[in-house]
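Q: Can you read through this structure? Questions will come right after.
Each reported figure results from applying straightforward, stated rules to the coordinates on display, with no laboratory input. On a predicted model such as this, the values are computed, not experimentally measured, just so you know. With ideal geometry, Cβ positions are generated from the backbone for all residues, glycine too; neighbour counts draw on all protein chains shown.
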Amino acid sequence: AIASQCGPDTYTKLCGVLQTAYREYQNKGEGSDELLRSLLEVLLIWLIRNRRTPEEAGVPRERRVALPELLDYINSHYTEPLRLYDVAERYHYSPNPFSKMFRKRFGMTFTDYLHKKRVEAAKERLKLSTDTVSDICRAVGYTNSNEFYRVFRAQVGMTPVEYRRKKEADRLRGDLSFTEKAVDKSDS
């Protein structure tokens with residue numbers, strides 16, 4: 001199984017290490033134990049560096065996606081017009097295999113992840129800024145306000161305007177509660 005995951009050069013090196021270990025085990029010369037331990041460490045390091053999931057076994061190294069790098073890229077560029085096709089191409093994939101890999105690894109489609117990221121950013125902006133909903137829509141990467149409203153409502157259960165009003169009301173209630181507590185303490 002290991003041999004099927006590596007190229008001919010790596011396979012030759014791996015076989016060489018295994019043959020050396022076998023010869024050393026058979027001969028049991030002076031320092032054999034130390035040499036065998038060292039060879040086992042080399043094998044373990046090789047296995048760690050070259051471990052792949054079964055779905056990656058047939059995928060060339062340049063097409064294997066480093067998941068933290070992929071998420072960093074999406075999280076850094078979500079405000080731009082980001083399409084599955086472009087991200088797949090960046091990581092040397094065709095769109096369909098990339099889409100399947102993404103869904104399997106993250107439990108959601110690329111588009112769902114992108115919408116989730118954008119809506120979370122929009123919620124923060126709606127709570128903290130006085131920017132218009134249209135400005136926030138564009139700032140988080142949507143070019144179509146109807147799509148933004150539809151996605152936001154589906155994820156949050158209310159429109160962006162309703163969300164902002166609710167958060168403002170919550171904040172005012174919190175401020176009022178804090179003021180009432182301060183007054184009560186000063187009366188004591």
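Q: Using 0.36 nm times the number of residues separating Arg83 and Lys166, minus their current alpha carbon distance, what extension gain do you get?
A: 26.6 nm
Q: According to a simple spin-label model (label point 7 Å from Cα along Cα-to-Cβ), what is the distance in nm between Glu69 and Asn144?
A: 3.3 nm
Q: Let me ask another. Would you please give the FRET efficiency between Arg173 and His92, computed as 1/(1 + (r/R0)^6) with r the Cβ-Cβ distance and R0 = 35 Å, to the nearest 0.05?
A: 0.10
Q: Would you please state which residues of the stretch 119-137 a label at Ala154 would reach in this model, taking the label point 7 Å out along Cα→Cβ and a backbone N cut-off of under 16 Å?
A: It comes to 119-120, nothing else.
Q: Roughly how many Å is it from the Cα centre of the stretch 88-116 to that of the stretch 121-179, as a whole number?
A: Cα centres, the stretch 88-116 to the stretch 121-179: 27 Å.
Q: Right, another one. Taking N as the number of residues in the stretch 101-141, what is its Cα Rg relative to 2.2 N^0.38 Å?
A: Cα-based Rg divided by the globular estimate yields 1.39.
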